[in-house]
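Please read the structure below before turning to the comments.
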Amino acid sequence: MNFEFGAKRRDPYAWLEQSLATIHRADWYRSVQPIDGRPGATVVLAGQEVINFASNDYLGLAGDERLMAAATAAIAQFGTGSTGSRLLSGHRELHRELEEAIASTKQTEDALVFSSGYLANLGAITAIVGKRDLIFSDQYNHSSLKNGAILSGAAFVEYPHCDVEVLKTQLSQQRQNYRRCLILTDSVFSMDGDLCPLPALLDLADEFNCMLLVDEAHATGVLGKTGAGCVEHFGCTGKPLIQIGTLSKALASLGGYVAGSSALIDFLRNRAPTWIYTTGLSPADTAAALAAIKIVQQEPQRRDKLWENVHYLKSLLQQQLPNLKLLPSESPILCFQLPSAKDALQAGKQLRDAGIFAPAIRPPTVPTSRIRISLMATHEAAHIEKLVAVLKHKLL
């Protein structure tokens, strides 16, 4: 291949416009939309009031006065920023309180708080495996899991979505050739709504001497008797695994965590680059997450209301739109696929025009375009009924 340099060299950034044009042609182009005011079941989106079915604020805590009070009190006491990494000037006792609360919720020996869930995955994966190791990852895993696997330098194999039999075959063929092996999976797959086969994955991890890392981002606060997540939901609490999660969804703040054995957490404090070299979580975010965990523990009725809403929407769809083919879901996330990105964009626009915010999800985020609907504990029956009415009369 011949590249031109010197006097004849062209603009080295010209490819950006060309790439953007390709993104536009594929209907993959994305742009931000401003939301005014507090988050909630209804929001004002670019000046229009809409019912919000696009949020990951499953328990409706992002606008809760108690979280805001905790955040402002932390700012008054500790200031707005942590000012440095946790190993330098960034550690506050508040961080440790949050880690202890997470460990208690997950019933693990310890926990470590990161500045985002993405950083938690990148840091944990790159710390525990390397070039002599092997990673198996569900093909529908979140970007942070996939990129963590790539950055680790380990051999990286994707197995078909939730296909335990194929994974077992792959393990039997390849595991013996590597020093360590790590299986990666989301617990709730955020763009589909289904759950990983966690008990079967734990059995495989035991059989083939593998570590198992499960990302509880969309399960924490939502699944399980106490809201501890998918691990609790499946009765796998106390099993040898690594639990990752976020503070930014049901816990309505910002940040991420790793929960597991005390040896794991101590190791990550010394080896996870995205923890060692990143400024500690802000006092406001830390205090808000801690307040949210207390509410999750003390107000199970919020979780009950969320699941009541999920069941109500499913029943209405079954009664009024029996031909709507929803993807299998065991979570507050319901999706239906559309033939193309263009169709999904048009459907999202029609919903938006009718006062429903449930935007299109398109490649490369997902393999097939879809509308994603997420329920909140603060949705009212009238909100859900309007969604179904709009789907029935305006869209399908």
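Values computed for the structure shown
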item: ASP206 accessible area, 1.4 Å probe, all protein chains in place, Å² to nearest 10; result: 130
item: Pair THR368, GLN350: separation of 7 Å Cα→Cβ label points (nm); result: 1.8
item: Estimated inter-spin distance, ARG30 and ASP304, nm [label 7 Å along Cα→Cβ]; result: 3.8
item: For the chain, cysteines whose Cβ has no other cysteine Cβ within reach (under 4.7 Å); result: CYS162, CYS196, CYS230, CYS236, CYS335
item: Efficiency of FRET between ALA21 and SER262 - r from beta-carbon atoms, R0 41 angstrom, step 0.05; result: 0.20
item: Translational diffusion of the chain, µm² s⁻¹ [Kirkwood Rh, Cα pairs; Stokes-Einstein; 10 °C; 1.306 mPa s]; result: 71
item: Solvent-accessible heavy-atom area per residue, rounded to whole Å², over the chain at 1.4 Å; result: 47
item: Rounded, prolate or oblate (a/c below 1.5 giving rounded, otherwise prolate when a/b exceeds b/c) for the stretch 199-275 by Cα gyration tensor; result: oblate
item: Positive-end extreme of charge dipole, the chain - chosen from HIS24, LEU112, VAL129 (charges on Cβ); result: HIS24
item: Count of lysine pairs in the stretch 167-299 with Cα separation under 23 Å (8 or more residues apart, or interchain); result: 5
item: GLU385-LYS325 FRET efficiency (beta carbon distance; Förster radius 22 Å; 0.05 resolution); result: 0.55
item: Where PHE53, PHE234 fall by accessible area, highest first, once all protein chains stay in place (1.4 Å); result: PHE234, PHE53
item: Spatially proximal lysines relative to LYS325 (Cα-Cα < 23 Å; intrachain offsets below 8 disregarded); result: LYS314, LYS342, LYS349, LYS386, LYS392, LYS394
item: Exposure of HIS393 as accessible area (Å², to 10), given a probe of 1.4 Å and all protein chains; result: 140
item: Nitroxide proxy distance, nm - points 7 Å out along Cα→Cβ at GLN107 and SER315; result: 3.1
item: Debye intensity ratio I(q)/I(0), log10, the stretch 120-256, q values 0.10, 0.12 Å⁻¹ (C-alpha model); result: -0.29, -0.42
item: Shape parameters for the stretch 1-98, alpha-carbon atoms, Rg then Dmax in Å; result: 23.2, 63
item: Helix-only [θ]222 nm of the chain, DSSP H runs n ≥ 4, -39500 (n - 2.57) each, per residue, nearest 500; result: -12500 deg cm²/dmol
item: Given charges at beta-carbon only (K, R positive; D, E negative), |dipole| of the stretch 1-119 in Debye; result: 540
item: Carbon + sulfur, % of accessible area of the chain - ligands and nucleic acids excluded, 1.4 Å; result: 53
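The values are calculated or read from the model by the stated rules, or taken from the named source; none is laboratory data. Because the structure is a prediction, the values reported are computed rather than measured. A quick note on method: Cβ atoms are made from the backbone with ideal geometry, for glycine too, and the neighbour counts reach across all protein chains shown. Quick note on the areas: whole protein, heavy atoms, side chains included, nothing else; ligands and nucleic acids left out. Shrake-Rupley method; radii C 1.70, N 1.55, O 1.52, S 1.80 Å.
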